[in-house]
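First comes the structure, then the notes that go with it.
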Amino acid sequence: MAAAVRKVGGRVPPARGTRPRNRRALILAAAAELFHRRGYADVGMSDIAEAVGMGPSALYRHFRSKQHLLMQVVLDGVAPVREALARSAVEDPDTVLRAVVAVTLDHREVGVLWQREGRLLPAAERAEVRREIRAVTAVVAGLIRDARPRLSPEQAELLAWCGLGVLLSPSFHRIELPRPEYVRLLVELGRAAVAAPPAELVPNARARPPAGIALRSRREALLTAAVRMFAEQGYAGVAIEDIGAAAGIAGPSVYNHFESKGDLLSAAVTRGIEWLTMDMTGALAGAADPEAALRALLEAYIRFAAEHSDLVSLLLTEVSHLPMSARHRARQAQADYLMEWAHLLCAVRPQYGTAPARIRVHAALTAINDVARTRHLRDTAGVAATLAAVAGAVLGLDPAGEPEPPLDASG
């Protein structure tokens, strides 16, 4: 057991019975690493206490509950980004950008903690975290407008979200480069994202399409409700009875369609992966060359993310709750999907090399995902064309003429 403990964050915990001055910081660091690697629902206070060499009762003297600890972990992750951005008052933007890159590489768990675990907080604490994240975004948007004064506030905000998504993208993969090369690449990608030409944006301008006519299939009703609820509340926070009630299906009748909550999650994840695979197959089948295929794939992914933002959330946050064999299949399918992107990019830009190409792909898709999962951005006319420009710049594609009309997709 001691050997396993030493692996947490690469740190050796203090000996039991000792009281290091930085114990609170050690607790936060251990909790952040465990929440990032295993997910909040699968980590107990006893696991965190063991990682820092203390008893669970002593841990509660520092944090009154696991939710309280999670809130502090998330806020603690936001703080160094805010501190780096605070230098903008006295230092040039390039120095500030490098400082933010250093933070995101030193704390690669930050993006996952903001996006995956922060939504599991109670409403009041979740609102506090959102205020902190919006404050960070506002600083970045201000820096963008200082450099590009012709942008509207809405355009600067959208580019700020995209830029932060690019810089936080290492949180969602394990691809490594030598540190100096990684810093140079992320700085380049961050600059490319915020320098992209945005389309004209009109917030909340699009009329929502009619609700349409739902399928009568009870299985589909359950699956639709499960995707929405897992995305909003997390797999561990939803009971199968709640899903049944949301779908208008009483108690035991749910089990006529799915054997368990895990079966529902597996069906939802499979649907998301198959949808992406079908979109990819269509994009490649109709393309004359790798660059045309990559552009078509990018357009298809932006459309998918806008129309199915809950499925995007599910694929990003809940795969770890699948049974081992299903989890392995899902992650392999996701890896294969991303490798197809990287293969196309290497065919278009062979000078990149495999690892940098994969990092670019992750950066572009993370920017798209962040915007798609942020409702007020997703519901803005012109956002799809802007995302295409941002992602194209991050991938290193040449501008493709005038922006295309925005895709009319609301989630």
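The values are calculated or read from the model by the stated rules, or taken from the named source; none is laboratory data. Computed from a predicted structure; not experimentally measured. Methodologically, a virtual Cβ is constructed for each residue, glycine included, from the backbone with ideal geometry; neighbour enumeration extends over all protein chains shown.
At a glance:
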item	result
Boolean, Glu232 is acidic (Asp, Glu), surrounded by fewer than 21 Cβ atoms within 10 Å (Cβ to Cβ) and in contact (Cβ under 8 Å) with a residue 60 or more places away in the chain	yes
Any chance Ala86 is in a helix (DSSP H, G or I) and surrounded by fewer than 18 Cβ atoms within 10 Å (Cβ to Cβ)	yes
Residue identified as more than 21 Å from the chain's Cα centre (by Cα) and on the phi > 0 side of the Ramachandran plot among Gly53, Gly39	Gly53
Single residue of Ala127, Ala138, Ala84 found to be small (Gly, Ala, Ser), modelled with pLDDT of 90 or more and not assigned by TED's automatic domain parsing to the domain that holds His376	Ala138
Residue in region 250-258 that is within 25 Å of the chain's Cα centre (by Cα) and either under 23 Å from Ala330 (Cα atoms) or touching a residue at least 60 places away in the same chain (Cβ under 8 Å) (or both) present	no
Unmet criterion (only one of (1) modelled with pLDDT of 95 or more; (2) farther than 17 Å from Ala192 by Cα; (3) not in a helix (DSSP H, G or I)) for Ala355	(3)
